[in-house]
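Please read the structure below before turning to the comments.
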Amino acid sequence: MPFNLLVLSCLLYVAFLFAVAFLVERRAARGRLGWLRSPLVYTLSLSIYCTAWTFYGAVGYAARSGLEFLTIYFGPTLVFIGWWWLLRKLVRIGRQYHVTSIADLISSRYGKSNLLGVIVTLIAVIAATPYIALQLQSVVLSFGVFASAAPDGSRPLDPGQTAVWVAVGLAFFTILFGTRNLDAREQHHGIVTAIAVEAVVKLVALLAVGSFVVWGIAGGVAEVIAKIDAADLSAWQVEPGRWTGLIFLSAAAVITLPRMFQVMVVENEDEGHLARASWAFPLYLLAMSLFIVPIAVVGLERMPAGSNPDMFVLTLPLAEGQGALAMLVFLGGFSSATSMVIVESIALATMISNHVMIPLWLRLRPGAAAADDLRSVVLMARRLAIAIVLALGYGYYHVSGGSAALAAIGLVAFLGVAQVLPAMLGGIFWRGATRTGALLGLLTGLVVWAYTSFLPSFGPGAALSEAVFTQGLFGLSWLRPQALFGTQTMDPITHALFWSMALNVLAFCLGSLFTFPGPVERLQGAAFVNVFEGSVGPQRWARGQVDPEALLGMAQRILGEETALSFFQDAARSQGKEGFLPDPTPTFLDQLETRLSGSVGAATAHAMISQLVGRATVTVEDLMAVASESAQLLEYSTQLEAREAELTRTAGALREANEKLTQLSLQKDAFLSQISHELRTPMTSIRAFSEILTDGDLPPEAVMRYGRIIHDEAKRLTRLLDNLLDLSVLENGSVQLNLGLASLQGMIDTALTAARQTRPDRDFLVVRDLPSEAIYLKTDADRLTQVFINLISNARKYCDAARPELRIVVRQRAGRVTVDFIDNGKGIPKDSQSLIFEKFARLTDANRAGGAGLGLAICREIMTSLGGAVAYLPGQKGAAFRVTVPLRLERQAA
Amino acid sequence: MTQHVLLIEDEPNIAEAIRFLLTRDGLRVSHAAEGAAALQMVWQDPPDLMILDHMLPGMSGLEILTAVRADPKSRDLPVLMLTARGRDREMAQEAGADCFMTKPFSNAEILAEVRSMLGQPRRGG
C-alpha cells in the first residue's frame, strides 16, 4: 500500500471525526442532542480505557506473558459490576458539586485545598506523560510497519518527524474541540461523540482482524483452539500475588485515570447511563479481548522470529496481503491512540489551568478576578495547557527513544494515578479523612511510586544509578528501589504496588486520625460522604437524628473554631465519649442553645437549634447562611471590642502619665526638703556662733575661731545657692555656651589648681601623660573645667587611700575625646553607682568637704549640654569617672 | 553633781556651738558623730539628757532613738531631737522623742529647753 495513501486516509479519517464532533457540537448548542445523549454513547466513550496499549499491546502482552493480559480487563470489569455503587457515588458527587476533574474532587473534598489540587495534578501529569508518549509511539510504529511493507520502500520514514506531526495534529484537534467554549460542567459533547465513533472503529477493527485470523488463516475455531492448546502461553501460570496486584491496579486505574474520570464522571449526562454501562462496558472489554490470544498464537506461529508481537494485529494482515484490513486495523489503533490523547489532555489541561495556571495568574494580577476577560484567560490557559501536555508527551517519547515495551509503561502509569485512590475513596466514604491525611498519603505515594517504579522504569543507570539498584539509596540495602525493606521475592510492579499503596494508606490514615478537619472540610466531607442523603437531609432531623457534626459546623461559625471545638470536646468528655463529637442529648442541646444565645440572641439560637433538630424544613446551607450573617455581627462586635480596648489603652496611658506626675511631685517634695536641710545646716552654725559672739566675754582666739566658722559656713551657703542656680539653668537647657578652642592640658592644669582648695591638707599624687593631653577642643572651656574640678575635688574628698593617687588618662577616637579620672581609693559600691549622679546623692559624710551633693548632678547636666557624657567606670581599682566630649562641638540651632 | 548631756550631731560646727553653750552653762557634754559610738556611750556612761540630730550618716536619728527606747536601761532617757527638715516632727514623737527643735534655733531656745528637760529652773534670758 502506498504510504501516501495511508497518510491520506488518516487525514480523511481525522476530517470525518472533525465533522462528527462539529455536528454534535452544533446540535448540542441548539439543545437537540437526542439519541446522542444515550447510554450507548456513554458506554462507548468509556472505552478510552482501551488505548493503543491494549489495542496493539495486549497481543504483545499475551505473546510474552500468556493470559496475564486479562488482568487489565478484569479490574475494570470487577469495578463496573461489583463496585457499581462506588461509581454511582462518584458520579452523583461529580454532578451535584460540579466537579471538573479528579484534582477538583480531591481539593473540594478536603476543604477546597488548592495545594491538594496541585499535587493531584502533578501526579496525573507525571503519570500521564509516558502514557501519552506511548500513544505517539504506537502511531509511529504502525506508520513504520506500513512504510517498511511498502514494496518500493519509497520514503524512509523519520519516526521523530511523524511523532511531531501526530502530536501537533492532536493538539490542534483537542484545542479546537476541547476549548471551544467554557462549560460550567466541562462537558464536551462533540469530543465524546467522536470518541464513541472511534470506540466503534477500534472494536470493529479488532474483531475483523480476529475473525480473519481465526477463519482466514487458522481455518476455524476448532483449529485455533488446538493451536492455543499447543502453545505455551495458554498455560494458566497464575501467580496469585501478581494477578491480584494487577487486577487491583487496573481496577484502581479505571477510577483514578484522569481521562476515565473525565468521561465517566465529568461528561456523564445522566446517572442512569451508569446502570447500562455497568454491564455494557464489561461486554465491550470482553469483545476487545476475545481474539487477543488467537492473534498472539497465530502471530507467533506465522511471523518470523524476532518480529515485534506488539504489532501482530497489523503485521499479520499485511503479511497475508490484506491491505484493506490492515488499513482498518491501522485506523483502529490510530483511534485508540488519538482518543486517549485527546481526552487525557483535556482532563489534564482542566487540572493544570484550574489548579496551577489560573491561581498563579490571579496571584500575579490581583484584582483580575473581577475583570470581564477572565473567561478568555481561562480558555487561553486551557489551550496552553493542552499544548504543554502534548509537548511533554512528545518530549518523553523523544528522550526515551521509543524503545521500552508498551505494556511496561502502561502499568507504571496505572500505579502512578492509583496513588490518588486512598484520598479519593477515603474522601467519599470516611468523614474522618482530613486534608493533612490526604496530603501525607498523596505525597508518600508519589515519592514511593517515583522511587520504586517511575524512576527505575528508565532502566538502571538512567534516572537512578546502577549502584542505587544493587546497593540501595545511600548504600542502605533496605532502600533498594526494587527491594524495599528487603522484600526481594516480589516482581517489581507488585513490589512497587504493595509498598506505595501500603505506605500511602498508612500515611493517609494516620494523618487523618491525628488531625482535626477544619469547618469547610467537615462540611464538604459530610456533603460528599452523605451525597445520597443530601436531598432527604431536613427530614432526617425530623426523625430526631441530629448530626453533631452539623451542629459543630454551625457552632464554629458562630462561636469561632477553637471555642466551639473545645465546647464540644468538653461536652463529649462529660458524656464519657471519645473524640470531639458529643451525643446530641437534650441536655447538650440546651447547653449549646444557651451558649449560642450569648452570641446571636436567645430567639435565633433557639430557632437554629430547633431547625437543626428538624422542626422546620430548611437546608443545612440555609442555616450556614444565617450563621455567616451572625459572623458579620460578630465581626462588628469585635470592632466594638477593639475600640473598647483602645479606650482602655488610653486610660492606661493617662494613668501612667498621672503616676509619673505624682512621682515627679514626690521628687520635688523630696528635693525641697533636701534643700531645706542643706540651707538650714550652715544657717544653724552661723546663727549659734553669731549669738555666742554677741554674748561677748570670749578670749580673742575663740572670737577669731568662731568668726572663721561663720565665714566658712556663709561661703558654704553661697556655694550651695550657686550650685542650685547652676543646676536649674542647666536643667532648663537655657544655658549659654561660650564655644572656643581650648587646650585640654590647660583645662586640666586649671582644674587641678582649683581643686587643691578642697582638703588642702592632703597630699595627692597626680599621674598624667602630658603628650596625650595636647589636644585642642572646640567646646565651652569654663564649663568643662568645672566638671574636671568637680571630679578632682571628689577624688580629693572621698579617696580614702593612705597615699592618695589620681590618674588622668586621655584618649582620642572617632572625633571624641575621653578623659578618665581614676583614684586608688575603695571606689563606689556597685549598687550605689547608678545613684551618684542624682541630686543630693551624697553617699558618705559630706560635711568634711562641705558639699551639698549636687556636684555630679551638675556635671551630668554640663556634659549633656556639651554634647558629651560623664559616667562611672566600674571595674577599676578605685573610683573612676569617664568624661566623654566631642572634639568639635558645633553650635546647635535654636 | 554635774549633769551629763550626750550630743549626737554629725555637723562639726553645730556640735561645737552646742557644746560651747552647754559647757558654759555648767553641764558636762560628751559628743558622738554617728550612731554606733553614740549607743555605746549611752550604755557605758548613761547621760541625763540626749540631744539627737535627725539626719546622720549611717544610722539615722530615728533608728538610734528606737534602739535607745528598746533598751530598759535607757528607756526613760529624755531625748531632744534636732532636725533641719520640716516634716520630721511627727515621726520623732512617734519614735519617742520628748522634745523636738527645728534648725536653726536661737541659743536661748535650746538652753531653755535643755534646762527644762533636766528639771532645772529656768533662768532669765
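Rounded to the nearest Hz, the phi-derived 3J(HN,Hα) couplings of segment A:324-333 under the Karplus curve 6.51 cos²θ - 1.76 cosθ + 1.60 (θ = phi - 60°) are 5, 5, 4, 4, 4, 4, 4, 5, x, x, where x marks glycine and proline. Each of A:Ala754 and B:Asp45 was given a label point 7 Å from its Cα along the Cα-to-Cβ line. The distance between the two points is 4.4 nm. Cα centroid separation, segment A:691-755 to segment B:1-62: 29 Å. Residues whose amide H lies under 5 Å from that of B:Leu82, counting only those 5 or more places away or on a different chain, are B:Leu52, B:Asp53, B:His54, B:Met101; hydrogens are built 1.01 Å from N in the peptide plane. How much FRET efficiency would the formula 1/(1 + (r/R0)^6) give for A:Ala774 and A:Glu838, where r is the Cβ-Cβ distance and R0 is 45 Å, rounded to 0.05? Efficiency at R0 = 45 Å is approximately 0.80. When the square roots of the Cα gyration tensor eigenvalues are ordered a ≥ b ≥ c, the ratio a/c for segment A:665-744 is 1.5 or more and a/b does not exceed b/c, which makes its shape oblate.
Across segment A:675-683, computed HN-Hα scalar couplings (Karplus, 6.51 cos²θ - 1.76 cosθ + 1.60, θ = phi - 60°) run 4, 4, 4, 5, 7, 5, 4, x, 4 Hz from first to last residue, x flagging Gly and Pro. Extending 7 Å from Cα along the Cβ direction at A:Glu271 and again at B:Ala37 yields two label points whose distance is 10.9 nm.
Backbone phi angles across segment B:108-116, fed through the Karplus curve with coefficients 6.51, -1.76 and 1.60 (θ = phi - 60°), yield HN-Hα couplings of 4, 4, 5, 5, 4, 5, 5, 5, 5 Hz in residue order; Gly and Pro are listed as x.
Between A:Glu301 and A:Val164, what's the calculated FRET efficiency when r is the beta-carbon distance and R0 is 41 Å? Round to 0.05. List each step's numbers first, then the result.
Values: r = 37 Å, r/R0 = 0.90.
Efficiency computed from Cβ-Cβ geometry: 0.65.
Label segment A:237-293 by shape, choosing from rounded, prolate and oblate, from the square roots a ≥ b ≥ c of the eigenvalues of the Cα gyration tensor; if a/c is under 1.5 it is rounded, and otherwise prolate applies when a/b is larger than b/c, oblate when it is not. Please list the in-between numbers first.
Working: a/c = 2.65, a/b = 1.57, b/c = 1.68.
Oblate shape, in that a/c is at least 1.5 and b/c is the bigger or equal ratio.
Suppose R0 equals 56 Å. What FRET efficiency, 1/(1 + (r/R0)^6) with r the Cβ-Cβ distance, do A:Arg643 and A:Lys715 give to the nearest 0.05? With R0 = 56 Å, the Cβ-Cβ based efficiency is 0.30. Put simply, the amide H of A:Arg816, placed in the peptide plane, has neighbours under 5 Å in A:Leu887, leaving out anything fewer than 5 places away on its chain. With a ≥ b ≥ c taken as the square roots of the eigenvalues of the C-alpha gyration tensor of segment A:187-316, please select rounded if a/c is under 1.5 and otherwise prolate if a/b is larger than b/c or oblate if it is not? In terms of gyration-tensor shape, prolate.
One chain, two ends: A:Val204 and A:Ala657. Fully extended at 0.36 nm per residue, the span grows by 153.6 nm beyond their Cα-Cα distance.
Taking label points 7 Å from Cα along the Cα-to-Cβ direction, B:Ser116 and A:Leu78 give a separation of 12.0 nm. Fully extending the segment from A:Asp695 to A:Ser211, taken as 0.36 nm per residue of separation minus the present Cα-Cα distance, adds 158.7 nm. Of all lysines in the structure, the ones whose alpha carbon falls short of 27 Å from that of A:Lys89, not counting any fewer than 8 places away in one chain, are A:Lys112. Under 5 Å from the amide H of B:His31 lie the amide H atoms of B:Leu7, each residue being 5 or more positions distant or on a separate chain, with H modelled from the backbone and absent for Pro and chain starts.
Cross-link pairs exceeding 20 Å between alpha carbons, from the set A:Lys830/A:Lys877; A:Lys668/A:Lys830; A:Lys715/B:Lys103: A:Lys668/A:Lys830. Mean partner shielding of peptide B:56-65, defined as the number of other chain Cβ atoms within 10 Å of each residue Cβ, is 1. Once the chain from A:Gln736 to A:Ser665 is taken as fully extended at 0.36 nm per residue, the excess over their C-alpha distance is 22.7 nm.
Peptides A:118-129, A:572-583, A:80-91, B:50-61 ranked from most to least packed give A:118-129, B:50-61, A:80-91, A:572-583, packing being the mean of other C-beta atoms within 10 angstrom over each peptide's residues.
Read-outs throughout are calculated quantities, based only on the coordinates presented, and are distinct from any laboratory measurement. Being a predicted model, the structure only gives us computed values, none of them experimental. Here Cβ is always computed from backbone atoms with ideal geometry, including for glycine, and neighbour counts include all displayed protein chains.
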